[in-house]
Amino acid sequence: MVRIGALILVLLLLATTWPGEASDKATLILLDLKSGAQPSGVSAGGAVVVGGLSSLGGFYWMPTTGVIYAGGLFATKVSRDGKVIVGEAIDNRLRVAGIWQRATEWRSLGSFPNALPCDASLSLANDTSRDGGVVVGYARNGCTLAHAFRWEESTGMVDLGSSVAGRGTQAVGVSADGQVAVGYQEQATGFWEGAKWVGTRQERIPGADGFVSVANAANVDGSIIVGRICRPMAARPGDPDFQSAWVWTRDGTQCLPPPRLRASPGPLIIVEANATSDDGSVIGGSQAVASSPDSNAIIWIDRKPAYLKEFLQVNGVPDAFQSWINTGAIRGVSPDGRVLVGTGAAPEGFRGYIVILGSSRVMP
């Protein structure tokens, strides 16, 4: 098992009590603008945050250290215990899925046997289980095909395959227990349909139209899954069911609407849920113009939506994101739903943030 270095272990122990005493008000922490840190993952309790730097390279952040450069190309997620970081690194001039080792060193996870890169891209690690023992992502075989993978130390990289001949798959997230990977199966039409893998067995995720779009994240045991575009068959662009994210439980799939619909005569407006707490009471995501940085973060509390900016302004941070162009997207939620991480567009450029929710959760 790859573990964080001795120095970081000491710092992690110092950080285990962060963020301090519980408060009824929310707290907004803005990461150093000069660092270019853009968070995408958070450990249990929020003591370790990881992501990519605008200048390339991964980073980790702790309240005891601030932003620390970790090498590689970028980090995507961190295990719940904060000891294993995954993402993408360089190996023999190829971009590969990797696990951070120490300082700026990464371990390459390679790809499937005899796989060929697409240009310089070979594989990417998207997520890891709570102890870092399972890693999921995708690996390429040339520029025409990519398949989801599941990696463990004992098995190496396992191809999760495709249920549609000649079409790609990707594992975007994994449950904390490592048993359920989630992502998408590309259909013959080119549509990315939400899918999950229980072990190595693929299952589609049902929705009101019979299916949903990409699954982005799962909770501790895969009993709650969240993703983007609840009803892909809804008339666009004004249909409210198209402009919705979704949450799946064993009771079925529920659409997650945005606080307000956005009109768009051109590009689609995509609403997606990127992360969930273990009990599903806190879900984070965004409402964005497709293929554009025009995006605003959304938080769903008990399935009720609010723009993050407006939520913070009525929950103890009245000047939250006051001069920002937009709040981007929430990319990570801690298992207890108390800590959120994301990136938005500040006046000076893209900037990462951490939100600590308080006990007061008034919906604007």
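Taking the range 89-108 as the range and being without any contact (Cβ under 8 Å) to a residue 60 or more places away in the chain and either over 22 Å from the mean Cα position of the chain (by Cα) or surrounded by fewer than 24 Cβ atoms within 10 Å (Cβ to Cβ) (or both) as the test, the residues that pass are Ile90, Asp91, Asn92, Arg93, Leu94, Arg95, Thr104, Glu105, Ser108. Here Gln254 fulfils each of the conditions (1) free of Cβ contacts under 8 Å to residues at least 40 places away in the same chain; (2) open to solvent by 40 Å² or more (accessible area, probe 1.4 Å) apart from (1). Within the range 328-344, residues that are surrounded by fewer than 23 Cβ atoms within 10 Å (Cβ to Cβ) sit with their Cβ atoms under 6 Å from residues that are among the β-branched types (Val, Ile, Thr), at 6+ positions apart or across chains, in these pairs: Gly337/Val282.
Among residues of the range 156-179 that are under 19 Å from Val214 (Cα atoms) and without any contact (Cβ under 8 Å) to a residue 24 or more places away in the chain, those with a beta-carbon under 8 Å from a residue that is open to solvent by less than 50 Å² (accessible area, probe 1.4 Å) and among the acidic types (Asp, Glu) at least six positions away or on a different chain give the pairs Arg167/Glu186. Filtering the range 120-147 to residues that are open to solvent by 20 Å² or more (accessible area, probe 1.4 Å) and touching a Cys at 6+ places or on another chain (Cβ under 7 Å) leaves Arg140, Cys143. Scanning the range 346-364 for residues that are closer than 30 Å to Ser175 by Cα and open to solvent by less than 30 Å² (accessible area, probe 1.4 Å) yields a count of 7. You will find that of Ser43, Ser79, Ser23, Ser35, the residue that is of a type in the set (S, T, N, Q), under 22 Å from the mean Cα position of the chain (by Cα) and open to solvent by 10 Å² or more (accessible area, probe 1.4 Å) is Ser35 and no other. Summed over the range 308-327, the residues that are open to solvent by less than 60 Å² (accessible area, probe 1.4 Å) and in contact with a strand residue (DSSP E or B) (Cβ under 9 Å, 6 or more places away or on another chain) give a count of 10. Assuming Ile68 fulfils every condition listed in (1) modelled with pLDDT of 95 or more; (2) open to solvent by less than 50 Å² (accessible area, probe 1.4 Å); (3) within 28 Å of Gly358 (Cβ to Cβ) apart from one, which condition is it? Going through (1) modelled with pLDDT of 95 or more; (2) open to solvent by less than 50 Å² (accessible area, probe 1.4 Å); (3) within 28 Å of Gly358 (Cβ to Cβ) one by one, Ile68 breaks only (2). Among residues that are at pLDDT 95 or above, within 20 Å of the chain's Cα centre (by Cα) and closer than 16 Å to Val134 by Cβ, Gly194 is not included. The criterion of at least 1 residues that are open to solvent by less than 30 Å² (accessible area, probe 1.4 Å) is met, among strands (runs of 3 or more DSSP E) falling completely within the range 148-229, by 156-159, 169-174, 180-186, 192-198, 215-218, 225-227. Could you tell me whether the range 273-281 includes any residue that is under 21 Å from Phe211 (Cβ atoms) and at pLDDT below 95? No, the range 273-281 has no match at all.
The values are calculated or read from the model by the stated rules, or taken from the named source; none is laboratory data. Fair warning: this is a prediction, and the values are worked out from it, not measured in the lab. In this analysis, Cβ positions are derived from the backbone assuming ideal geometry, glycine residues included, and neighbour counts consider all displayed protein chains. To get the accessible areas, we keep the full protein, side chains included, count just its heavy atoms, and leave off ligands, DNA and RNA. Shrake-Rupley method; radii C 1.70, N 1.55, O 1.52, S 1.80 Å.
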